[in-house]
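First the structure, in the form of structure tokens, and then the observations on it.
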Amino acid sequence: MPALLARGVYWCTCCQQELPRDRFLTDAQRGGAPRTPCRACSGKATRAKKFNISFAALDRLFASQDHRCALCGIEAEDGDGLNLDHDHECCPEKGTSCGKCVRGLLCWACNAGVVTWYERMRDRVPAYPLFDEYLNNPPAVKIGLVDRRT
């Protein structure tokens, strides 16, 4: 690894890529050496663990959504800024999931605002086909990460 660092790059053990050194966090416990996953993979690994799905499954979800919010389409570089949305009726504890109710990746505004509001008001407001499609057939179901029948 010293040869890589001398060239200003480092190797991510998750995405298996040689990336610029500034794409890695520093590990104080290792004398300031870069952490082995890059920043993007570190964030994905944290989300995967928190929401009880594999890193590979989450990576597939990011790729299937082209690192964009499933509703508004805003692009998030390396997926930073996208929230992993799940059905709160299934798992009401904030920030966790059984993994079987994961729906997709949403930006903060769509996750905390739009979807939450629409789920609460769905029976009292006109139908919004985009929101209904997302809630009834979310990206995680479309790509086979989650099976709604279980």
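The values are calculated or read from the model by the stated rules, or taken from the named source; none is laboratory data. The shown structure was predicted, so the numbers you read here are calculated from the model rather than taken from an experiment. Using ideal geometry, Cβ is built from the backbone for each residue, glycine included, and neighbour counts are taken over all protein chains shown. SASA here: full protein model, heavy atoms, side chains in, ligands and nucleic acids out. Shrake-Rupley method; radii C 1.70, N 1.55, O 1.52, S 1.80 Å.
Just a few scattered comments:
- Scanning the range 111-144 for residues that are closer than 15 Å to residue 70 by Cα and not in a helix (DSSP H, G or I), we see that the one that is most open to solvent (accessible area, probe 1.4 Å) is 128.
- Subset tally (residues that are of a type outside the set (A, V, I, L, M) and in contact (Cβ under 8 Å) with a residue 60 or more places away in the chain) for the range 38-97: 3
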